[in-house]
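Enquirer: Got a structure for you, questions after.
Please treat every number below as a calculation from the coordinates, not as lab data. It should be emphasised that the depicted structure is a prediction, and the values quoted were computed from it without experimental measurement. Every residue, glycine among them, receives a Cβ derived from its backbone with ideal geometry; neighbour counts consider all protein chains shown.
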Amino acid sequence: SERLLEIRKLCVDYGLGDEAVHAVREVDLTLHRGEVLGLAGESGSGKSTLAYGLTRLLPPPGVVSGGQVVYHPADGPPVDVLSMTPAQLRAFRWAETSIVFQGAMNSLNPVHRISTQLLDVIKAHEPRITPEPRLARARELLRLVGISADRLDSYPHQLSGGMRQRVMIAMALALEPQIVIMDEPTTALDVVMQRQILGQLAELRGRLGFAVLFITHDLSLLVEFSDRIAIMYGGRIVEEAPAAELYHRALHPYTEGLLHSFPALRGPRRELTGIPGAPPDLRAMPGGCAFHPRCPRAFTPCDSRIPLLGPPADGDPGRAVACWLHPAAEAVTR
Ligand code: ATP
Ligand code: MG
């Protein structure tokens with residue numbers, strides 16, 4: 001399938017020099033046109049930092065310290081998001097990418113009705129649209145995200161958290177983006193609500209054609225609703241695979257651990273074990289593979305050499321893993 005956004009060797013730090021925390025480390029990830037790509041990993045693994053970095057919305061002291069983010073427009077040559085001028089960047093963010101960030105539902109203006117806020121976005125996107133079709137469009141957008149049009153007159157506080165989040169998605173869709181990035185909060189929305197939202201997004205992209213990057217700590221959601229899944233640990237992507245393949249046969253021991261942290265979707269019940277130990281401290285990363293201190297299958301090279309993302313031992317071209325059990329992974333010593 002066609003490449004839409006290529007993240008190449010992206011590095012993001014918080015702070016500078018010796019003080020810098022390397023939160024995203026040489027991440028390679030490609031989003032294809034029209035797909036749902038899920039990104040999962042424990043808290044602190046760098047998921048949000050990656051999303052902020054690739055859209056250049058990093059709050060200080062965050063800095064992109066390396067890499068490229070190449071966007072392939074439907075018409076015209078590819079562009080590097082990281083070297084766009086501020087004007088190009090605004091246009092890109094506005095027209096091509098919509099981002100619904102962690103806690104975005106709280107960014108609705110409490111003193112304005114939903115209608116006012118939605119109509120404003122539509123007007124900004126289509127300045128020549130007259131009031132009547134504009135209202136029709138607002139109703140249509142709400143309907144798309146599963147909210148009845150009579151909610152247009154509500155104020156944000158009259159809606160549940162999940163509804164507010166869906167209003168934010170409706171506003172994002174008003175811009176007819178190529179890419180929708182959703183960074184789901186661990187705490188603010190329950191998993192039932194996340195499931196509804198992701199299910200709706202996955203269905204909508206079929207009709208509207210956008211691609212989705214969906215970020216969550218909940219891998220079971222991604223298994224159900226995404227086409228491909230990338231797993232992040234200690235700032236790196238450690239495994240990437242089509243969702244069904246990842247679920248049926250995880251290659252990285254960390255992915256295996258994550259999968260055993262939630263009940264099986266179907267088939268025989270699995271024992272729930274979770275992953276012992278805690279995620280790494282970015283200021284004091286273990287040598288070698290960041291996961292090795294928690295890994296039940298660590299062996300000789302794991303504590304001294306960092307495995308990079310590469311093809312698995314069986315050569316499956318659709319998958320990639322960063323683990324010494326799959327020695328095709330290129331080595332780095334650091
Ligand atoms: P969660 O699932 O909790 O949202 P996450 O995977 O999105 O986690 P990030 O928020 O991207 O993780 O954070 C990645 C790492 O960067 C964490 O270790 C965090 O402590 C660190 N970090 C985030 N913001 C800053 C900051 N402003 N200054 C220093 N370190 C930061
Ligand atoms: Mg986050």
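Enquirer: If a/c stays under 1.5 just call it rounded; otherwise compare a/b with b/c (prolate if a/b is bigger, oblate if not). Do that for the stretch 20-174, with a ≥ b ≥ c from the square roots of the Cα gyration tensor eigenvalues.
Expert: The shape class here is prolate.
Enquirer: Can I ask one more? Using Cα centres only, tell me the gap between the stretch 55-86 and the stretch 136-180 in whole Å.
Expert: Answer, in whole Å: 28.
Enquirer: Going by average Cβ neighbours within 10 Å, how do the peptides 243-250, 128-135 rank, with the highest at the top? Walk me through the intermediate numbers first.
Expert: On the way: 243-250: 17.4, 128-135: 11.1.
Ranking the peptides 243-250, 128-135 by packing returns 243-250, 128-135.
Enquirer: For the peptides 16-23, 175-182, what is the packing order when you average, over each peptide's residues, the other Cβ atoms within 10 Å and list the highest mean first?
Expert: By packing density, highest mean first, the sequence is 175-182, 16-23.
Enquirer: Sort 278-284, 39-45 for me by packing, meaning the mean count of neighbouring Cβ atoms within 10 Å per residue, highest on top.
Expert: Details: 278-284: 13.0, 39-45: 22.0.
Taking the mean over residues of other Cβ atoms within 10 Å, the ranking is 39-45, 278-284.
Enquirer: What nm distance separates the two modelled labels at Arg3 and Asp314, each placed 7 Å from Cα along Cα→Cβ?
Expert: The modelled label-to-label distance comes out at 2.7 nm.
Enquirer: Moving to a separate point now. Relative contact order, percent, of the stretch 16-135 when contacts are C-alpha pairs under 8 Å separated by at least 6 residues?
Expert: 13
Enquirer: Can you tell me the dipole magnitude for the chain around its Cα centre, using point charges on the Cβ only (Lys, Arg +1; Asp, Glu -1), in Debye to the nearest 20?
Expert: So the dipole magnitude of the chain works out to roughly 500 debye.
Enquirer: Just to check, using Stokes-Einstein with a Kirkwood Rh over alpha carbon pairs, what's the diffusion coefficient of the stretch 66-122 at 37 °C and 0.692 mPa s in µm²/s?
Expert: 237
Enquirer: Give me the net charge for the shell around Pro86: Cβ to Cβ below 14 angstrom, other residues only, Lys and Arg +1, Asp and Glu -1.
Expert: Values: positive: Arg56, Arg90, Arg93; negative: none.
It works out to a net charge of +3.
Enquirer: Next up: With the Cα gyration tensor of the stretch 84-232 giving a ≥ b ≥ c as the square roots of its eigenvalues, does the rule (a/c under 1.5 for rounded; else a/b larger than b/c for prolate; else oblate) give rounded, prolate or oblate? All intermediate terms of the calculation are to be shown ahead of the outcome.
Expert: On the way: a/c = 1.69, a/b = 1.26, b/c = 1.34.
It comes out oblate by the Cα gyration axes.
Enquirer: At 4 °C and 1.567 mPa s, grab the translational diffusion coefficient of the chain from Stokes-Einstein with a Kirkwood Rh over Cα pairs, rounded to a whole number in µm² per second.
Expert: Once the numbers are plugged in, D ends up at 62 µm²/s.
Enquirer: Between Ala87, Pro311, Cys289, whose Cα lies farthest towards the positive end of the dipole of the chain when Lys and Arg beta carbons carry +1 and Asp and Glu beta carbons carry -1, centred on the Cα centre?
Expert: So the residue we want is Ala87.
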